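To start, the structure under review is shown below, and the notes come after it.
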Amino acid sequence: MFRAVYRLTSAGARSLVRTRPGYAAPVASRCYSHGKVETDEEFDARWVTYFSKPDIDGWELRKGMNTLIGYDLVPEPKVLDSALRACRRLNDLASAIRILEAVKDKAGPHEDIYPYLIQELQPTLAELGISTPEELGIDKS
Amino acid sequence: MLRQTAVHMRGLLARRASAAVTSSSVRMASHEVSETVDMSRPMYYDRVDVPLPDKPYKDLLTDADKTLKQKEKGPWSQLSKEEKIALYRLMFHQTYPEMKQKTSEWKTVLGGIFFFLGFTGLVVWWQRIYVYPPLPKTFEGDSQAMQLKRMLDMRVNPVQGFSAKWDYEKGQWK
């Protein structure tokens, strides 16, 4: 599946032993009798394209993010990168930080996913000047 | 709970005439009614599964806020930490850790359950004393003995049950 993505259902969690998240969990199988199953790369590409729209508006950003967070997966760094850049085009730093919080929450008990994502996103965060919640100190309640 | 149901009700109430809901608070003598929320418009909510709500938390911006928003249009690396936090708080009410804070609600719930169970117990006890009629005479000891004898004479469950345990020759339980 995704490089950094796990099935967050119990099946995925059980098979998770290694800490380095280069682990491919089983592909989601649906009971299509004849439909084509979308590959992980297609899924990622679709979402990167969605957020890469140059004139994306606030509603589309919110809708996209809320939908993406609704899925049973942690988005790939490249999808998040695209979303963060969309926030930059919309001059919305708060939403960018919120997105980082949201994906940390999505990872749930798997505590090694979020550091990996931040590590992968570090160039983008530095380029756009986005501080992580940890840097701002809002990651503690 | 209101915030959760609001997300669902938003769609349902969208078409309803919101005149009644949006009426300004009524003052009756010295009594003040609490602010009504217009649920036909996009609402703010803090939910872990919906990170970006329909509208920012703070709508009415002070001049300082507006200046900050203008600064947001430039490079974000020029914003200080405090400014970034301020921007976050303008847009959102609670951070994720704040949303996920444990409450002590379970203590109230459990306490309420026990309280009402106890109260029910008292009610049942009172009923037992004051409401229930007296027991029939067939519950008394002699009557019970006669019923028992009748069951044995009828050979109730003679194979594996009741009468099978009675020794008819010796006239006693096995």
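Some observations on this one:
- The helices (runs of 4 or more DSSP H) falling completely within region B:70-163 that include 2 or more residues that are without any contact (Cβ under 8 Å) to a residue 40 or more places away in the chain, touching a helix residue (DSSP H, G or I) at 6+ places or on another chain (Cβ under 8 Å) and surrounded by 12 or more Cβ atoms within 10 Å (Cβ to Cβ) map to B:81-91, B:141-153.
- Residues that are under 10 Å from the mean Cα position of the chain (by Cα) and of a type in the set (Asp, Glu), drawn from region A:55-91: A:Glu76, A:Asp81
- Residue count for region A:60-74, restricted to those that are surrounded by 14 or more Cβ atoms within 10 Å (Cβ to Cβ) and in contact (Cβ under 8 Å) with a residue 40 or more places away in the chain: 2.
- Failed criterion for A:Asp139 (all others in (1) over 25 Å from B:Leu79 (Cβ atoms); (2) surrounded by fewer than 18 Cβ atoms within 10 Å (Cβ to Cβ) hold): (1)
- Among (1) modelled with pLDDT of 90 or more; (2) surrounded by 14 or more Cβ atoms within 10 Å (Cβ to Cβ) - the single one B:Thr36 does not satisfy: (1)
- Taking first residues from region A:43-57 that are closer than 12 Å to A:Lys78 by Cα and partners that are in a helix (DSSP H, G or I) and of a type in the set (Val, Ile, Thr), the Cβ contacts under 6 Å between residues at least 6 apart in sequence or on separate chains come to A:Asp44/A:Val79; A:Trp47/A:Val79; A:Val48/A:Val79.
- Test result for B:Ser143, more than 9 Å from every other protein chain (Cβ to nearest Cβ) and in contact with a Pro (Cβ under 9 Å, 6 or more places away or on another chain): yes
- Region A:92-136, subset of a type in the set (S, T, N, Q), surrounded by 15 or more Cβ atoms within 10 Å (Cβ to Cβ) and out of contact with any Cys (no Cβ under 6 Å at 6 or more places or on another chain), residue nearest to the other protein chains (Cβ to nearest Cβ): A:Ser131
The values are calculated or read from the model by the stated rules, or taken from the named source; none is laboratory data. These numbers come from a predicted model, not from an experiment. Heads up, the Cβs are rebuilt from the backbone with ideal geometry, glycines too, and the neighbour counts pull from every protein chain shown.
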